[in-house]
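The values are calculated or read from the model by the stated rules, or taken from the named source; none is laboratory data. Just so you know, these numbers come straight off a predicted model, no measurement behind them. Note that we place each Cβ from the backbone using ideal geometry, even for glycine, and neighbour counts take in every protein chain shown.
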Amino acid sequence: MTALFALAPLVLLLVGGLLIMLVDAFAKERVEVSALVSTLLGASFVVAAGSLLADPNPSGLPAEITRYLAVDATGYFTDVVLTVAALIATLAAGSYLREHELERPEIYLLLLLSTFGAMVLARAADLIVLFIGLETMSLAVYGMIAMRRNNARSIEAATKYFLLGSFAAAIFLFGAALLYGATGGTSIAAIRDAIRGGHAEPALVMLGLVFTLAGFAFKVAAAPFHGWAPDAYEGAMIPVTGFMSVVVKAAAFASLLRVFTGVFGDPLLMHPTTGWPTLVAALALLSMLVGNLGALGQKNIKRILAFSGIAHAGYVLVGFASLHAVPEDATAAILYYFLAYAGGTGLALASLVAFGSKGLEAVDVDDLVGLGKRHPLLALPMAIAMLSLLGIPPTAGFFAKLFLFQAAAQAGGIFAWLALAGVALSVVSGFYYLRIVVALYASEPAEGAVVARPMRSGYVLLAMVFGSALVVKLGVMPGLYLDLALEAGRGLFH
Amino acid sequence: MLAIAPFALFVWASRAFLRYEAPFELRFPWVPWLGVEVGFHVDALALFFLLLITGVGTCVFVYAAGYLGEDPKRRRLFSWLVVFMAAMIGAVAADDLFVLYTFWELTSLASFMLVSYHHESETARRSARQAMLVTFGGGFVLLLGFLVLAGLAGTSSIQGVIAAAPRFAGEPAARFAMFCLFVGAFTKSAQIPFHFWLPDAMAAPTPVSAYLHSATMVKLGVYLLARIEHVFADDWLFGPTLIVVGGTTSAWAMVKTLRERDLKRILAWATVSALGTMMMLIGLPGAEGAMALVAFVLAHALYKAPLFFVAGNVDHCTGTRDIGQLAALARVMPWTAAAALAAALSMGGFPLSFGHFAKELIHIAKRDGDLYTIIGYGSIPVSAITVAVAAIAAVRIFWHRGDGSIPSEMHEAPFSMRIPPLALASLGVLLGLSPHVVDPMLQAAAKCITPDAHLVEIDETRELLGLVPVYALGVIVFASWDRLHEVVAKVKLPSFLLAKTHLEKSQETAVHLASIVTRTIQHGRLRGYAALLFSTMLAALALTLAATLEDGRTLVAHARLGEIDGARIAVLGACVLLVVSAIAMTVLRDTFVLLLVSGLMGLGVALSFLFAGAPDLALTQFIVEVALVVVIASVLLRVRRLGIEHPPTPASPSRLALSLGLGAAVALAIVAASGTGTASTALAEYFGAHSLPDAHGRNVVNVLLVDFRALDTLGEITVLSLAFFATARVFAAFRREEAGR
């Protein structure tokens, strides 16, 4: 029972999701699934946050649970991030689907199950559980993208993502199999112990590392495994884009954190020049380059956010590359970054939902022109989100970037240069983030241009208020959240 | 009404200054992890700037009330002005580098919102965009400098950094930080080559120009460098860099004034020039520089803000700011004319004005040290043009008889627009009459920059004599302004010399580069993405294998081939079947044949299972393969009938090489893995020994499924049946949908 309570955020989602499915299937009248699902996600968020504050590292849990699913502060922290992102996406979907007459209850249920899979992935302490979580999350996302069946872009996006995702999953699985072959275990602890004890063939471990890293790199859309991201983000409906850009990325990163500090936490494998930090640094640099340069030429905001997501994956990878030098600080910085990124990106896409109405979506930068003049309050969250993603104080993104680059600077050597590259490319990112702010506040629509007409809907407004509050709070008073991230980071190194 | 807030703050700051003894501090933790705290350190320098911000702020708020009248958007402008003022106060009071940075960026943001206020005009929008890019870009560089500085000093408190400065002086990282800070300060204070945004920002409403772009915000860069001068003062590049950049800016901006006809833009260029002088003063060695700087900052605020107000009044009443069309306005706008005259006296540095006092101090500071005599001479034309600009703003448009092209139904500006310029300008004159009133204040502030700052005795006659050439030249420039303007305006600078074009060009280049990147790797073709994915994997694998070559050799040596027997030969045969069909798939073109060959591959896998001792698994695999082939074939038949089939593209050599390479690498990895088998056989032995005695079954697999792991099987069946029902429901929904059509 204690285990059930300790895992309440996950259990709530799973049981609640199944119940909603049943209710929807058998109810005579139309059920407000969006409200039910967001309530459930909200409850899960509250429980996760409560656990994080009250008892982040419960003890006395049966080993049958902890061997497969970690129950620690890190887990609760990622739960909070994932539920926040899922909640914003659900609320946005609640408005979006109705406004554009695409309402289908399956989307919410897929979203719920995908979140559940993401939570399992983020907590997995065993490679098999990890894979199950990964696929639960991914399959649901493929389905969500394909939900607009009569839209060619949607189908194309889903097909691409599905095929490439399957390749990536196979690559990951192969890596896991190699690790099993090398060590005879599937749980992170067992593999770690075998490697530490010198019972594993180093070359095989190295191969396993490369394969698993590639699998994760695909899921977090790090260059050069990013190809699918812009197309998939563009083809998906806006709330789905918001969901996948945060939840999938954050869960995969959290899992990567567990695997790489656990399985590959060996000092030899983590050696700054001959170990994986160099590999990760290369991925980071490439992602920051591709993401920031790619976003410059884009007009579609979903694509801009896709490239921005690639760039942000690069920033987070800078933190991963510094794990070897300052493990606790870097972990805390990475975890904090998730929260900031979830707030910023979620808020941006929720705003984008709010800007469209009646079958007319606002997707291009040009669609936003002059919106800040016509609807100053409604446009503000979008501007806040852009400033946060850019990293301007006093928003969440500033401290997130500061902590990450600080950790990299402490790691020294090539990692300090990586931080420098990160700052320089952040300047580049100003070009495309600020372009949106400029479009909102300092532009006038051309004669006869179609201007975005924002919708009137409570759900998305709620999401925007929630997201703005989070982003500003994280920027103005980051203390509490940072302490929680530190606490969560320490959990990994117990 | 809103002016009460800045006025109250102004009163408070004056009181604090009068009782000033020691700096007071306010601290509370912000991010304890990094040692960042919201620390405020209010010393005389900070108080001096606070007085400036709140004092000019009071006038700006009063003026804005009249200027905006019943403008529907006035609430927005006022709220951003308040935000800006708060940010400025925070920035000069902050004692933490990151807190300072936060407020610094907040002022940029406020500036952006205020410049884009007149969003109807294209120029306003473009200037807002430009100013934002320049100041935010500079802000990031500044942050980088702060990060390095905080890292060197081990603290992010400014006072702490100053105290720790001797420890890291001379380190290359410190010099790097210095140049980062330079870039930040130069972007904010509009120094070459980042100067162009300031005149363009004149698209903002007048109160904004007066407040942000002349009196306060643009002085933040000056403030920052003055504040941390101590840290870098020993670096031999500190002074010369500032003198060169500041001096060049100061001179160049004055040349640019000659190109302008718009009164506001003329004043803006004069501001850029003044900011350059301030930079130069920071760079000058000796204690006099600090004193001169503080005095000049005060004098500049007291004359430039009123002149902007004057320009606003003129614009408000006549509808134009073109100095060619303005003449003889003193008759209709006597109050404004008086304010302009008072301010111009100070700007021109005429005796008995505060501007004169500041100018004398500047001259003394420059005279110190032979090397800088040249600068002193070089500044004569700059001062001369300043005099001319002052004369234009005060004499030409108000007293000079022009063509009389102004409309006759003109009137003086409303009361609230007359008082602020008059108040500030007359203060400038009054202080000039007895500069000793503010002496203690200036000295206290200057002491925060250089501890040994003190008031120097001014040799009046010598100074006055020194001013003669300046005024002579100034009168000449004023008299021949129109002719000079024509000449200078004709000169077209080659575009590579214009910083603005470089900014625009770099934007274009970046976008161009981006489009190349996007076109080459983001083409939208699935096959290309997959190829990229696999070639990266291949490269990574090859690298890893090469890196562990020594181990790799031992690995392959480990591989156990075991004894050759019939079963093994059969497995080998199955593998050959697999390999052959895999290769065949890459060259075949007909979809049906492809499908059949893929079935063959499945058969190969099944056979290898069969002969490796897993008949049940082989059976399952076989059934799955057959079912798959049948299902896909039926779909393909339908597709063929619809005629929408795409023939698969022929195999390209590169793709073939990629597949072969990846296959080889993976095979190598598998061979390597098979050599290190550590898999436990304990479970297999247990089930083999216990299935007959415990569960009475000869088929171990069956016993396993329905006995040992019965609960798992039950779960599986449940899930399967649930999935069946779900699928059935989905199909039912489809049918309903189709029936509905």
(request) Read through the list (1) under 28 Å from residue A:328 (Cα atoms); (2) in contact with a strand residue (DSSP E or B) (Cβ under 9 Å, 6 or more places away or on another chain); (3) more than 11 Å from chain B (Cβ to nearest Cβ), then give the number of the only condition that residue A:492 fails. (result) (2)
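Please state which one of B:485, B:411, B:502 is assigned to a loop (DSSP other than H, G, I, E, B), more than 14 Å from chain A (Cβ to nearest Cβ), surrounded by fewer than 18 Cβ atoms within 10 Å (Cβ to Cβ) and modelled with pLDDT under 80.
Numbers: B:485 fails: assigned to a loop (DSSP other than H, G, I, E, B); B:502 fails: assigned to a loop (DSSP other than H, G, I, E, B).
Residue meeting the stated conditions: B:411.
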(request) Give the number of residues within the range A:191-207 that are more than 8 Å from every other protein chain (Cβ to nearest Cβ) and either within 18 Å of residue B:533 (Cβ to Cβ) or touching a residue at least 40 places away in the same chain (Cβ under 8 Å) (or both). (result) 5
(request) Kindly list, by first and then second residue, each pair from a residue in the range B:507-520 that is surrounded by 13 or more Cβ atoms within 10 Å (Cβ to Cβ) to a residue that is β-branched (Val, Ile, Thr) and assigned to a helix (DSSP H, G or I), limited to pairs with Cβ atoms under 7 Å and residues at least 6 apart or on different chains. (result) B:510/A:428; B:517/A:290
(message) Show me the helices (runs of 4 or more DSSP H) entirely contained within the range A:1-84 in which 2 or more residues are in contact (Cβ under 8 Å) with a residue 40 or more places away in the chain, within 25 Å of residue A:243 (Cβ to Cβ) and of a type in the set (Val, Ile, Thr).
(response) A:33-54
(request) Please work out if residue A:310 is more than 30 Å from residue A:266 (Cβ to Cβ), within 12 Å of another protein chain (Cβ to nearest Cβ) and buried (at least 24 other Cβ atoms within 10 Å of the Cβ). (result) no
(message) Within the range B:511-540, take every residue that is more than 7 Å from chain A (Cβ to nearest Cβ) and in a loop (DSSP other than H, G, I, E, B) and give me the one that is nearest to residue A:156 (Cα to Cα).
(response) B:525
(request) Go through B:132, B:88 for me and flag whichever is of a type outside the set (Val, Ile, Thr), at the interface with chain A (Cβ under 9 Å from one of its Cβ atoms), part of a helix (DSSP H, G or I) and buried (at least 23 other Cβ atoms within 10 Å of the Cβ). (result) B:132
(request) Name, by its number, the condition in (1) facing chain B (nearest Cβ under 10 Å); (2) hydrophobic (A, V, I, L, M, F, W, C); (3) under 18 Å from the mean Cα position of the chain (by Cα); (4) within 27 Å of residue A:454 (Cβ to Cβ) that does not hold for residue A:332. (result) (4)
(request) Working carefully through the options A:259, A:263, A:246, find the one that is more than 30 Å from residue B:671 (Cα to Cα), among the β-branched types (Val, Ile, Thr) and either surrounded by 24 or more Cβ atoms within 10 Å (Cβ to Cβ) or out of contact with any Asp or Glu (no Cβ under 9 Å at 6 or more places or on another chain) (or both). (result) A:246
(request) Quick one: residue B:98 ticks every box in (1) of a type in the set (Phe, Trp, Tyr); (2) within 12 Å of chain A (Cβ to nearest Cβ); (3) within 23 Å of residue B:422 (Cβ to Cβ) except a single one, so which number is it? (result) (3)
(request) Would you please name the residue that is farthest from the other protein chains (Cβ to nearest Cβ), looking only at residues in the range A:442-489 that are acidic (Asp, Glu) and free of Cβ contacts under 8 Å to residues at least 12 places away in the same chain? (result) A:447
(request) Go through B:462, B:553 for me and flag whichever is more than 30 Å from residue B:383 (Cβ to Cβ), assigned to a helix (DSSP H, G or I) and at pLDDT below 80. (result) B:553
(request) Give the residues of the range A:291-306 that are in contact with a His (Cβ under 9 Å, 6 or more places away or on another chain), at the interface with chain B (Cβ under 9 Å from one of its Cβ atoms) and buried (at least 24 other Cβ atoms within 10 Å of the Cβ), sorted by residue number. (result) A:294
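Give the residue, chosen from A:416, A:409, that is of a type outside the set (Lys, Arg) and more than 9 Å from chain B (Cβ to nearest Cβ).
On the way: A:409 fails: more than 9 Å from chain B (Cβ to nearest Cβ).
It is A:416.
Within the range B:44-59, identify whether any single residue is aromatic (Phe, Trp, Tyr) and surrounded by fewer than 21 Cβ atoms within 10 Å (Cβ to Cβ), and answer yes or no.
Step one: list which residues in the range B:44-59 are aromatic (Phe, Trp, Tyr), which gives B:48-49.
Narrowing further to those that are surrounded by fewer than 21 Cβ atoms within 10 Å (Cβ to Cβ): none.
No; the residues of the range B:44-59 include none that is aromatic (Phe, Trp, Tyr) and surrounded by fewer than 21 Cβ atoms within 10 Å (Cβ to Cβ).
Within the range B:343-369, work out how many residues are small (Gly, Ala, Ser) and either surrounded by fewer than 23 Cβ atoms within 10 Å (Cβ to Cβ) or over 22 Å from residue B:310 (Cα atoms) (or both). So that I can check it myself, show each step before the final result.
Going through the range B:343-369, the residues small (Gly, Ala, Ser) turn out to be B:343-344, B:346, B:348-349, B:353, B:355, B:358, B:365, B:369.
Adding the requirement that they be either surrounded by fewer than 23 Cβ atoms within 10 Å (Cβ to Cβ) or over 22 Å from residue B:310 (Cα atoms) (or both) leaves B:358, B:365, B:369.
Residues that pass the stated criteria total 3.
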(message) Of everything in the range A:169-190, what is free of Cβ contacts under 8 Å to residues at least 40 places away in the same chain, within 11 Å of chain B (Cβ to nearest Cβ) and of a type in the set (Gly, Ala, Ser)? Give them in sequence order.
(response) A:170, A:177, A:181, A:182, A:184, A:185
